[in-house]
Amino acid sequence: MSTKYATNVKWGKETIEIQLDPSAGVAGLKSELQARTGVPMERMKIMPKSKGLWKGVLKDTVDLSSLKLSAINPPVQMLMMGSATLPVEPVKKTVFLEDLPPEAAAKMVEPSGLVNLGNTCYLNSVTQCLRVIPHLRDGLKTYQPSASNGGNNQQTQVHAMLLKSLLGTLDTLDRSPTAISPNNLVMSTKMAFPQMAQTGPQGQPMQQDAEEFYSSIMGAAATEMRGDAVIKAAFHGANCSGDELNGATNVIDAVFGLKMEETLTCDELTTSGDKDAMETENSNALVEPPVTTYDLHRKLVCNIQGGSDATSQVNITHIAEGIQLSLTGKLEKYSDALGRNAQWTRSQKIARLPPYLVVQFGRFYWKSTPDSQDHAGVKCKVMKPVSFQGVLDVYEFCSDKAKKVLKVARDKAAREEEDRVAKKLRGEDEDKKEGDGDAKMEEEGKEGAATGGDDEEEMDEELKAALAMSVEPEQSPVGPGLPPNFQGLYELFAVVTHKGRDADGGHYMGWVKADNSDSRKKRGAAAVEKIADTEEDNDDWFVFDDDEVSPCKTEDILKLKGGGDWHMSYLNFYRAKK
């Protein structure tokens with residue numbers, strides 16, 4: 001077998017890389033170049049660039065085997081002249097989409113939709129959002145019903161069937177280039193949650209609540225997907241410490257769970273924390289200590305004021321205002337100090353953050369109808385607009401301990417941004433100073449030498465500050481699976497919307513963010529399209545209207561705030577921003 005040599009052939013502005021086979025002769029070399037460039041063999045003029053080759057234009061009689069190609073530093077350099085008049089063979093063979101297997105074709109087209117099997121849009125929309133959560137899917141792949149989870153009882157068997165059908169539906173969506181029918185998932189959902197098998201007067205399936213389906217399936221998964229093995233699998237094999245999990249014993253609470261710190265303070269008495277009030281009040285005044293408890297939640301609620309509380313003067317227009325409103329409130333509770341019920345103030349803070357965060361908009365509420373003889377009440381929908389952005393900052397909703405951890409990364413990011421801006425400004429100043437002449441450069445050099453002592457002092461101060469930062473005590477983690485230097489920012493990646501004025505009817509759709517990493521690499525971060533008059537990236541998204549899938553943009557997602565008969569956000573899915 002003859003030895004081949006790496007060769008670069010310069011042709012105009014192009015460089016053709018080939019493997020030169022001396023045993024094929026000049027004809028073999030020209031034949032390969034003809035196929036690569038389209039220059040006919042008889043019109044080629046090939047000349048050497050590396051030393052040790054032939055002299056002048058390469059003739060057909062030259063024996064390439066006689067050349068000492070091994071003595072030439074690779075690659076061998078040649079120069080070719082000639083005009084291309086022949087068609088060039090494609091480097092890669094063209095493969096049509098129809099010729100690809102279904103698994104490969106599914107990766108080349110838009111994501112697949114789900115067929116509506118009769119008012120199952122609530123299920124289809126939520127399933128499309130869960131599809132892009134790898135932690136959940138990895139946990140589902142590892143999950144196996146076991147006796148320790150009560151694997152022999154009927155409820156566990158039904159839940160196991162539900163979770164397996166969910167995973168099967170997600171995997172089939174990835175492999176299919178066309179819409180699929182979620183028969184098994186719909187059937188297992190109605191078996192696990194009989195209320196979702198209700199039918200209308202004509203026997204048709206009734207519309208169900210997308211949030212109720214989401215919460216139900218998360219509850220079933222939390223009951224079944226327990227243990228260190230399945231949690232470890234959900235986090236890609238990483239061991240999550242007890243401090244990170246902070247009470248989470250299953251995959252759902254580890255991936256979606258928020259540990260909430262709730263504090264109750266009595267409005268009618270001085271609390272033990274009000275030191276200033278204690279000094280001014282009678283020393284015999286009754287004191288009621290605040291009551292602090294912890295609980296796990298699997299979503300935040302954006303309380304859209306109105307409807308159920310028409311007397312309130314609070315006007316919610318942004319998701320952050322609605323979340324803050326839902327974390328505070330008044331309630332009546334027994335007071336030990338007073339010996340009777342009293343008014344208390346409830347305040348909740350987030351003590352542990354998850355890698356994925358779900359926010360429910362309080363669009364629906366129950367309105368009692370005491371004057372009606374047909375029903376006791378009706379389910380109504382709040383249509384008012386509540387805006388949101390592509391990034392949600394939860395820092396202000398966190399407990400003091402969690403804020404202390406997040407503040408380290410936030411301060412670091414702020415310093416880096418200040419340094420970046422300062423360097424940019426200095427760079428602009430240096431550009432302006434260029435070309436001012438040698439005399440000015442000498443003058444600046446003399447001034448730098450004169451102030452060298454001051455510069456050294458500044459460097460000493462910076463070194464001390466850096467050393468002080470390096471010996472700061474390590475903060476306890478604020479949640480499992482969060483990215484390094486997490487600042488409490490969450491990126492919106494999926495939305496479930498509801499269209500229609502009827503809470504028990506209407507239509508649900510799913511909106512899922514596309515993978516924009518490839519386009520960012522090609523265009524560069526500076527070339528990313530922005531939404532007009534904002535710093536918001538106008539990324540690619542897909543809207544899933546059951547089996548119909550269409551592309552859209554971030555600017556279309558931000559219009560889902562409500563206020564009319566158009567689709568409005570009901571469930572927002574966020575992931576920790578890197």
**Of the criteria (1) of a type in the set (A, V, I, L, M); (2) over 23 Å from residue 545 (Cα atoms); (3) in a helix (DSSP H, G or I); (4) open to solvent by 10 Å² or more (accessible area, probe 1.4 Å), which one residue 221 fails** = (4)
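Give me a count of the residues in region 140-167 that are open to solvent by 30 Å² or more (accessible area, probe 1.4 Å) and either of a type outside the set (A, V, I, L, M, F, W, C) or modelled with pLDDT under 90 (or both).
If we filter region 140-167 for residues that are open to solvent by 30 Å² or more (accessible area, probe 1.4 Å), which is where we start, we get 141-142, 144-149, 152-155, 157, 161, 164.
The next check asks that each one be either of a type outside the set (A, V, I, L, M, F, W, C) or modelled with pLDDT under 90 (or both); those that pass are 141-142, 144-149, 152-155, 157, 164.
Total meeting the criteria: 14.
Does residue 115 meet the test of being open to solvent by less than 30 Å² (accessible area, probe 1.4 Å) and at pLDDT 90 or above? Give the derivation first.
Details: open to solvent by less than 30 Å² (accessible area, probe 1.4 Å): no; at pLDDT 90 or above: yes.
It is false that residue 115 is open to solvent by less than 30 Å² (accessible area, probe 1.4 Å) and at pLDDT 90 or above.
Can you go through 304, 316, 350 and tell me which one is among the β-branched types (Val, Ile, Thr) and under 23 Å from the mean Cα position of the chain (by Cα)? So that I can check it myself, show each step before the final result.
Values: 304 fails: under 23 Å from the mean Cα position of the chain (by Cα); 316 fails: under 23 Å from the mean Cα position of the chain (by Cα).
Of 304, 316, 350, the one residue that is among the β-branched types (Val, Ile, Thr) and under 23 Å from the mean Cα position of the chain (by Cα) is 350.
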**Asked** Within region 367-407, can you find the residues that are in a loop (DSSP other than H, G, I, E, B) and more than 26 Å from the chain's Cα centre (by Cα)?
**Response** 369, 370, 371, 372, 373, 374, 375, 376, 382, 383, 384
**Message:** residue 248 - would you say it is surrounded by 21 or more Cβ atoms within 10 Å (Cβ to Cβ), in a loop (DSSP other than H, G, I, E, B) and either of a type in the set (D, E, K, R) or touching a strand residue (DSSP E or B) at 6+ places or on another chain (Cβ under 9 Å) (or both)?
**Reply:** yes
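Could you look through region 8-32, keep only residues that are of a type in the set (D, E, K, R) and part of a helix (DSSP H, G or I), and pick out the one that is surrounded by the fewest Cβ atoms within 10 Å (Cβ to Cβ)? I'd like the intermediate steps shown before the answer.
Within region 8-32, the subset of a type in the set (D, E, K, R) is 10, 13-14, 17, 21, 30, 32.
Filter once more, so that each one left must be part of a helix (DSSP H, G or I): 30, 32.
Working: 30: 21, 32: 18.
Taking the candidates together, the pick is 32.
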**Item:** Which listed residue, of 193, 213, is aromatic (Phe, Trp, Tyr) and under 26 Å from the mean Cα position of the chain (by Cα)
**Value:** 213
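The values are calculated or read from the model by the stated rules, or taken from the named source; none is laboratory data. For clarity, every value in this text was computed on a predicted model and none was experimentally measured. So basically every Cβ, Gly included, is an ideal-geometry build from the backbone, and we count neighbours across all protein chains shown. Only protein heavy atoms, including side chains, enter the accessible area calculation; ligands, DNA and RNA are left aside. Shrake-Rupley method; radii C 1.70, N 1.55, O 1.52, S 1.80 Å.
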